[in-house]
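Visitor: Before I ask anything, let me first share the structure, which is written out below as structure tokens.
The values are calculated or read from the model by the stated rules, or taken from the named source; none is laboratory data. Keep in mind that this is a model prediction, so the values were computed, not measured. Here the Cβ positions follow ideal geometry from the backbone for every residue, glycine too, while neighbour counts run over all protein chains shown.
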Amino acid sequence: MALASSLALAVGLSCAQSKKQPPIVKTGAAAGTATIKGVVKFEGTPLKPRMISMKQDKKCDALHKGKPVPSDEFVLNKNGTLKWVLVYVKNPPKGNYKPPATPVVLDQNGCHYTPHVFGIMVGQTLEIRNSDGFLHNVHFVGKKNPQFNQAQPTKAVVIRKQFKSPELPPDSYFKCDVHPWMKAWVGIFDHPFFAVSGDDGSFTISGLPAGTYEIEAWHENKKLGKQTQKVTVKAGETKTVIFTFKLTH
């Protein structure tokens, strides 16, 4: 009876622990079969896009024929969703995840950083290009990763960097000291479970083991901020979540 009771207790503790956190992934890749996908909606009166004048640099201004350019700070898609929202798993399954061999590309095109918001893994190569072909200044600002500030005068100069520590915006971003309106936000992760909403407001996070996860969505506008939802997925299952942002006053 004592042995049976001990076994029952051990099984009960094991079950309780498994419910508290997602399972450990022992491989170096995202080996799960569950998927979380969704969309980021917006409700209310949309913000008017901030218009950027580039007249302080004749080359930038000429690219846009002297017209002001809308900022990427608040992009409302045609279907009422938001672009450039960083979505990620706050409590990822434990694992030693290897970064992809394919680099993430950050380009300077039309005196804009493209993409405006992106994610990258620790140890993954960031390739910074200059499609404009004239002087830009790549200035990374972070609290957990070393800052760097490097001129990029031509297309031939390609900057390659890697990050060593996870870090989230608003603490981690890029700016251009030559063109003060240029900015890009970067989420740096030690796991592959992140995405950015696109032109239809959708996102997909795949390769998850079965478990219960906290999914967070972050927008750069402080009046929108960030939201978190708890999602439970089974092996092979696809769950859909909807984030709805509203302006706070």
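Visitor: Please work out which residue is surrounded by the most Cβ atoms within 10 Å (Cβ to Cβ), limiting yourself to the range 44-84 and to residues that are part of a helix (DSSP H, G or I) and not small (Gly, Ala, Ser). Lay out the reasoning, then the answer.
Guide: As a first pass, look at the range 44-84 and keep what is part of a helix (DSSP H, G or I): 58-63.
If we keep only those that are not small (Gly, Ala, Ser) too, we end up with 58-61, 63.
Values: Lys58: 10, Lys59: 13, Cys60: 23, Asp61: 17, Leu63: 17.
Applying the filter and picking the extreme gives Cys60.
Visitor: Does Gly44 meet the test of being within 29 Å of Asn79 (Cβ to Cβ), of a type in the set (Gly, Ala, Ser) and under 20 Å from the mean Cα position of the chain (by Cα)? Outline the logic, then answer.
Guide: Values: within 29 Å of Asn79 (Cβ to Cβ): yes; of a type in the set (Gly, Ala, Ser): yes; under 20 Å from the mean Cα position of the chain (by Cα): no.
Spelling it out, it is not the case that Gly44 is within 29 Å of Asn79 (Cβ to Cβ), of a type in the set (Gly, Ala, Ser) and under 20 Å from the mean Cα position of the chain (by Cα).
Visitor: Among (1) over 27 Å from Phe74 (Cα atoms); (2) crowded, with 17+ Cβ neighbours inside 10 Å, which single condition is Arg160 missing?
Guide: Unmet condition: (2).
Visitor: If you go through the range 113-122 one residue at a time, do you hit one that is surrounded by 22 or more Cβ atoms within 10 Å (Cβ to Cβ) and not in a strand (DSSP E or B)?
Guide: no
Conditions tested, residue by residue: (1) basic (Lys, Arg); (2) in contact with a Gly (Cβ under 8 Å, 6 or more places away or on another chain).
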| site | (1), (2) |
| --- | --- |
| Leu135 | no, no |
| Met182 | no, no |
| Phe203 | no, yes |
| Lys223 | yes, no |
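Visitor: How about the range 205-222: which of its residues are within 20 Å of Leu168 (Cβ to Cβ) and either in a strand (DSSP E or B) or not polar (S, T, N, Q) (or both)?
Guide: Step one: filter the range 205-222 for residues within 20 Å of Leu168 (Cβ to Cβ), giving 205, 208, 213-222.
Scanning the range 205-222 gives Ile205, Leu208, Tyr213, Glu214, Ile215, Glu216, Ala217, Trp218, His219, Glu220, Lys222.
Visitor: Shifting gears a bit: Pick out the one residue from Pro70, Pro92 that is closer than 18 Å to Glu167 by Cα and not small (Gly, Ala, Ser). Before the answer, list the steps.
Guide: Details: Pro70 fails: closer than 18 Å to Glu167 by Cα.
On inspection, the qualifying residue turns out to be Pro92.
Visitor: Could you check how many residues of the range 85-112 are surrounded by fewer than 19 Cβ atoms within 10 Å (Cβ to Cβ) and within 22 Å of Cys60 (Cβ to Cβ)? Give the derivation first.
Guide: First pass over the range 85-112, keeping only residues surrounded by fewer than 19 Cβ atoms within 10 Å (Cβ to Cβ): 90-91, 94, 96, 98, 100-105, 107, 109-110.
After this cut, where a residue has to be within 22 Å of Cys60 (Cβ to Cβ) as well, the list is 105, 107, 109-110.
Residues meeting the conditions: 4.
Visitor: In this structure, is His179 in contact with a helix residue (DSSP H, G or I) (Cβ under 7 Å, 6 or more places away or on another chain) and either surrounded by 19 or more Cβ atoms within 10 Å (Cβ to Cβ) or more than 22 Å from Pro68 (Cβ to Cβ) (or both)?
Guide: On the way: in contact with a helix residue (DSSP H, G or I) (Cβ under 7 Å, 6 or more places away or on another chain): yes; either surrounded by 19 or more Cβ atoms within 10 Å (Cβ to Cβ) or more than 22 Å from Pro68 (Cβ to Cβ) (or both): yes.
Criteria met by His179.
Visitor: Is the range 76-89 home to any residue that is modelled with pLDDT under 95 and either among the basic types (Lys, Arg) or closer than 25 Å to Val196 by Cα (or both)?
Guide: Quick first cut of the range 76-89, residues modelled with pLDDT under 95 only: none.
The answer is no, given that none of the residues of the range 76-89 is modelled with pLDDT under 95 and either among the basic types (Lys, Arg) or closer than 25 Å to Val196 by Cα (or both).
Visitor: Here's something else I'd like to know. For the range 200-224, what are the residues that are over 19 Å from Pro93 (Cβ atoms) and within 14 Å of the chain's Cα centre (by Cα)? Quick ask: steps written out before the conclusion?
Guide: Taking the range 200-224 first, the residues over 19 Å from Pro93 (Cβ atoms) are 200-202, 217-224.
The answer is Gly201, Ser202, Ala217, Trp218, His219, Glu220.
Visitor: Does Lys183 satisfy the condition of being touching a residue at least 40 places away in the same chain (Cβ under 8 Å), touching a Phe, Trp or Tyr at 6+ places or on another chain (Cβ under 9 Å) and basic (Lys, Arg)? Lay out the reasoning, then the answer.
Guide: Values: touching a residue at least 40 places away in the same chain (Cβ under 8 Å): yes; touching a Phe, Trp or Tyr at 6+ places or on another chain (Cβ under 9 Å): yes; basic (Lys, Arg): yes.
Yes: the conditions hold for Lys183.
Visitor: Taking Ala151, is it crowded, with 18+ Cβ neighbours inside 10 Å and part of a strand (DSSP E or B)?
Guide: Values: crowded, with 18+ Cβ neighbours inside 10 Å: no; part of a strand (DSSP E or B): yes.
Spelling it out, it is not the case that Ala151 is crowded, with 18+ Cβ neighbours inside 10 Å and part of a strand (DSSP E or B).
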